[in-house]
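Chemist: Sharing a structure, written as structure tokens. Questions coming.
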Amino acid sequence: MKSFLIVGMGRFGRKLAEDLLDRGDEVMIVDRDEDTINELSAHFSNAFIGDCTNEDVLRSLGVNNFDAVVVAMGADFQSSLEITALVKDLGGRYVVSKANKDIQAKFLLRNGADEVVYPDRDMAARLSVRLHAKHIFDYVELSNGYAIVETAVPKAWVGKSLRENDVRRRHGVNILAIRSSDGKLDPMPDPDDVFRADDHIFVMGEESAVLKLNK
């Protein structure tokens, strides 16, 4: 179990806090809006009203005691920048800040952020791939031009095993998992498992390679 402080309860911050709490982690939330915190206090036992651009407020929260602090105030960049710097100055172990633009990310990283996330941009990228390629059901961009996709099994693979298709040598990708039509996920497919027409496969490799499997 890890502990997290989430600053800013917009849509991104709220969803992140709820998911972490559901996973069994300790989550403290803080927002300057009283109505927002009153609404969420029934679900979060550690919910505080406060302006985190005030150093005394952050100090009182004990930012150095959390495994990570997430500054989720993407709409107010000036406040996000100030809070990021203050959290790091107060000993924050790992600071994740939300950005909407590359220029914002540069300033956040210079001011102490250990990681910058672009939730809106990343969601748009995933959606654009899904809309463009009708056989793609999900898409996760990795670094250095690599990606993981959930896609339909190519027609030429149906009725043959992973070994027979020689996927890695012929296509330069790795099959991470297979999802059957009933939703059952096999995270470690056997080389002799036979592909069926209604299977979905999770493939990792260079983006160009994984996206052209069904072309």
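Chemist: Return the pairs, sorted by first residue and then second, in which the second residue is surrounded by fewer than 22 Cβ atoms within 10 Å (Cβ to Cβ), the first residue lies in the range 70-82 and is among the polar types (S, T, N, Q), the beta carbons are less than 6 Å apart, and the residues are 6+ apart or on different chains.
Modeler: These pairs meet every condition: Ser79/Thr53.
Chemist: Could you please give the count of residues in the range 179-214 that are touching a residue at least 12 places away in the same chain (Cβ under 8 Å), assigned to a loop (DSSP other than H, G, I, E, B) and either in contact with a Leu (Cβ under 7 Å, 6 or more places away or on another chain) or loosely packed, with under 15 Cβ neighbours inside 10 Å (or both)?
Modeler: Residues in the range 179-214 being touching a residue at least 12 places away in the same chain (Cβ under 8 Å), assigned to a loop (DSSP other than H, G, I, E, B) and either in contact with a Leu (Cβ under 7 Å, 6 or more places away or on another chain) or loosely packed, with under 15 Cβ neighbours inside 10 Å (or both): 10 in total.
Chemist: Among all residue pairs at least 6 apart or on different chains, which show Cβ distances below 6 Å where the first residue, located in the range 88-116, is without any contact (Cβ under 8 Å) to a residue 60 or more places away in the chain and the second is of a type in the set (D, E, K, R) and surrounded by 15 or more Cβ atoms within 10 Å (Cβ to Cβ)?
Modeler: Once the first residue is without any contact (Cβ under 8 Å) to a residue 60 or more places away in the chain and sits in the range 88-116, its partners that are of a type in the set (D, E, K, R) and surrounded by 15 or more Cβ atoms within 10 Å (Cβ to Cβ) give Tyr94/Asp114; Val95/Lys88; Val95/Asp114; Gly112/Lys88.
Chemist: Does at least one position in the range 53-64 carry a residue that is aliphatic (A, V, I, L, M) and in contact with a Ser or Thr (Cβ under 7 Å, 6 or more places away or on another chain)?
Modeler: Within the range 53-64, none of the residues are aliphatic (A, V, I, L, M) and in contact with a Ser or Thr (Cβ under 7 Å, 6 or more places away or on another chain).
Chemist: Given the conditions (1) under 21 Å from Arg196 (Cβ atoms); (2) hydroxyl-bearing (Ser, Thr, Tyr); (3) within 17 Å of the chain's Cα centre (by Cα), which single one is not true for Thr151?
Modeler: All conditions are met except number (3).
Chemist: Then there is this: Mind counting the residues in the range 102-135 that are under 17 Å from the mean Cα position of the chain (by Cα) and under 14 Å from Phe77 (Cα atoms)?
Modeler: Residues meeting the conditions: 5.
Conditions tested, residue by residue: (1) outside the structural domain of Val96 (by TED's automatic domain parsing); (2) closer than 20 Å to Ala85 by Cα; (3) in contact with a helix residue (DSSP H, G or I) (Cβ under 8 Å, 6 or more places away or on another chain); (4) among the hydrophobic types (A, V, I, L, M, F, W, C).
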{"position": "Leu20", "(1), (2), (3), (4)": "no, no, no, yes"}
{"position": "Glu26", "(1), (2), (3), (4)": "no, no, no, no"}
{"position": "Arg32", "(1), (2), (3), (4)": "no, yes, no, no"}
{"position": "Ala42", "(1), (2), (3), (4)": "no, no, no, yes"}
{"position": "Ala47", "(1), (2), (3), (4)": "no, no, yes, yes"}
{"position": "Asn54", "(1), (2), (3), (4)": "no, yes, no, no"}
{"position": "Leu58", "(1), (2), (3), (4)": "no, yes, yes, yes"}
{"position": "Leu61", "(1), (2), (3), (4)": "no, yes, no, yes"}
{"position": "Phe66", "(1), (2), (3), (4)": "no, yes, no, yes"}
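Chemist: Additional query: Residues of the range 32-49 being more than 18 Å from Ser3 (Cβ to Cβ) and out of contact with any Asp or Glu (no Cβ under 7 Å at 6 or more places or on another chain), which ones? I'd like the intermediate steps shown before the answer.
Modeler: Initial filter on the range 32-49 (more than 18 Å from Ser3 (Cβ to Cβ)): 32-39, 41-42, 49.
Within the range 32-49, Asp33, Glu34, Asp35, Thr36, Asn38, Glu39, Ser41, Ala42 meet the criteria.
Chemist: If you go through the range 170-215, how many residues are farther than 21 Å from Leu142 by Cβ and of a type outside the set (Phe, Trp, Tyr)?
Modeler: Of the residues in the range 170-215, the ones farther than 21 Å from Leu142 by Cβ are 170, 180-184, 186, 190-199.
Filter again for of a type outside the set (Phe, Trp, Tyr), leaving 170, 180-184, 186, 190-194, 196-199.
Residues meeting the conditions: 16.
The values are calculated or read from the model by the stated rules, or taken from the named source; none is laboratory data. Here the structure is a predicted model, which means the values were calculated and not measured. Don't worry about glycine lacking a Cβ; one is built from the backbone with ideal geometry, like all the others, and counts go over all protein chains shown.
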